[in-house]
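Novice: Got a structure here, written out as structure tokens. Questions coming.
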Amino acid sequence: MRACDVFPTCLGLKVQVPIYKMAVLKDADRIAYTVPVATGSWQGDRVLRLIRAHWRAHHRAARPRNERLFAPVGTSAPLAARVVTRRLRDLMALAPMRAPLGTKWTGHSPWAGAASEAYAIGLSDALIQQLMGLSNVQTAYGYYIDAT
């Protein structure tokens, strides 16, 4: 995620993410949404406060807006999957959360969580498939959507 794709507001964190179709970026199309703060205020949401603090530090240091927000200085390319997985596991160790029994957190965990939450709030499986750039709905259910 680039620094220019994130903006904290009083309601939460505004985020823009690129749209990929079959792992190919499509004409700079982007999906914009707001991640609301958990309790209605920034004070009660430790995770979003951490992201906001990192975003502010990035801007105060006058780092370029197209740099990756959570990457080393000068990084404009996406981080490798193994790096994302390692950082995700490090962050999860700080949170009072554990992976479900028999599973582990990976770089795909946020994708699966986002797909499952989108399904839970009523987005159609076909729309989730399209937004994720998957070839078919069966792939969405097989790897990402937990409909239970």
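Novice: Which one of these does Ile51 not meet: (1) closer than 29 Å to Leu127 by Cβ; (2) in a helix (DSSP H, G or I); (3) at pLDDT below 80?
Specialist: Answer for Ile51: the failing condition is (3).
Novice: Step by step: first the residues of the range 127-148, then only those that are in contact with a helix residue (DSSP H, G or I) (Cβ under 6 Å, 6 or more places away or on another chain) and part of a helix (DSSP H, G or I), then the one that is surrounded by the most Cβ atoms within 10 Å (Cβ to Cβ). Which residue is that?
Specialist: Of everything passing the filter in the range 127-148, Ala140 is surrounded by the most Cβ atoms within 10 Å (Cβ to Cβ).
Novice: Sort out which residues of the range 34-53 are exposed (fewer than 14 other Cβ atoms within 10 Å of the Cβ) and within 15 Å of Phe7 (Cβ to Cβ), and write them in order of number.
Specialist: Hits for the range 34-53 are Thr34, Pro36, Ala53.
Novice: Could you please let me know if Ser124 is of a type in the set (S, T, N, Q) and touching a residue at least 40 places away in the same chain (Cβ under 8 Å)?
Specialist: no
Novice: Turning to a different aspect of this structure: I need a count of the residues in the range 69-92 that are assigned to a helix (DSSP H, G or I) and touching a residue at least 12 places away in the same chain (Cβ under 8 Å).
Specialist: So the answer is 8.
Novice: Follow-up. Would you point out the residue of the range 100-130, among those that are of a type in the set (Val, Ile, Thr) and modelled with pLDDT under 75, that is nearest to the chain's Cα centre (by Cα)?
Specialist: The extreme case among them is Thr106.
Novice: Looking only at the range 11-34, decide whether some residue is modelled with pLDDT of 75 or more, out of contact with any Phe, Trp or Tyr (no Cβ under 8 Å at 6 or more places or on another chain), part of a loop (DSSP other than H, G, I, E, B) and outside the structural domain of Pro110 (by TED's automatic domain parsing).
Specialist: yes
Novice: Which of (1) in the same structural domain as Thr9 (by TED's automatic domain parsing); (2) at positive phi; (3) modelled with pLDDT under 75 is the odd one out, the single condition Thr39 does not satisfy?
Specialist: With respect to (1) in the same structural domain as Thr9 (by TED's automatic domain parsing); (2) at positive phi; (3) modelled with pLDDT under 75, Thr39 is out only on (2).
The values are calculated or read from the model by the stated rules, or taken from the named source; none is laboratory data. Computed from a prediction, not measured in an experiment: that's the story for all the values here. Don't worry about glycine lacking a Cβ; one is built from the backbone with ideal geometry, like all the others, and counts go over all protein chains shown.
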